[in-house]
Amino acid sequence: MSLSDPLGDMLTRIRNAQRARHAACVAPASKLRANVLEALRREGYIRGFAQEDLRKGVAQLRIELKYLDGEPVIKEIHRVSKPGRRVYSKIKELPRVYAGLGVSILSTPRGVLSDAEARAANVGGEVLCRVF
């Protein structure tokens, strides 16, 4: 089965797993997904992730979800730039998520960065998702 939005599928898997209070979830592996998960790990929204090889040429990402006092750390996670409508932002026009309490994940020329890292590096790019 072909997916039109693989990153959106991974974000939905995370959202559903946290609502069901699972400790971890799995998603098919790709470089973009791994980079987004690394940005989420750096920002403290997930415990971590690991790539597991199922067979030659097929891998999956095991995502360790994070909870604080039994409540999910990720309150909401939304895909911003979709295959049918790409959303790009200059660094000066990048909106703050919940007045800085949340994070936007961007795909920039310097890699996948959070909005704070992108502001520090002074680069804009495609807004992949918002996390709060």
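Numbers for the structure displayed
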read-out: Shape of the range 71-122, Cα gyration tensor, a/c cut at 1.5; value: oblate
read-out: 5 angstrom amide H check on Lys82, placed H, neighbours 5+ away; value: Val87
read-out: Surface share of carbon and sulfur [accessible, 1.4 angstrom probe, percent] for the chain; value: 50 percent
read-out: Per residue, in Å², the accessible surface of the range 40-132 once ligands and nucleic acids are set aside, probe 1.4 Å; value: 61 Å²
read-out: Signed unit charges on C-beta, dipole axis of the chain, positive-most listed residue Ile77, Ala116, Ile91; value: Ile91
read-out: For q = 0.14, 0.16, 0.18 Å⁻¹, Debye-computed log10 I/I(0) when each Cα of the chain counts as one equal scatterer; value: -0.62, -0.80, -1.01
read-out: Other-chain or far-sequence residues with amide H under 5 Å of Ala29's (modelled H); value: Ala59, Gln60, Leu61
read-out: Simple Cβ-charge dipole of the chain, Lys/Arg +1 and Asp/Glu -1, about Cα centre, in debye nearest 20; value: 220 debye
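The values are calculated or read from the model by the stated rules, or taken from the named source; none is laboratory data. Please read all numbers here as calculations on a predicted model, not as lab measurements. Positions of Cβ are backbone-derived with ideal geometry, glycine not excepted, and every protein chain shown enters the neighbour counts. In case anyone asks, the SASA skips ligands and DNA or RNA and just uses the protein heavy atoms, side chains included. Shrake-Rupley method; radii C 1.70, N 1.55, O 1.52, S 1.80 Å.
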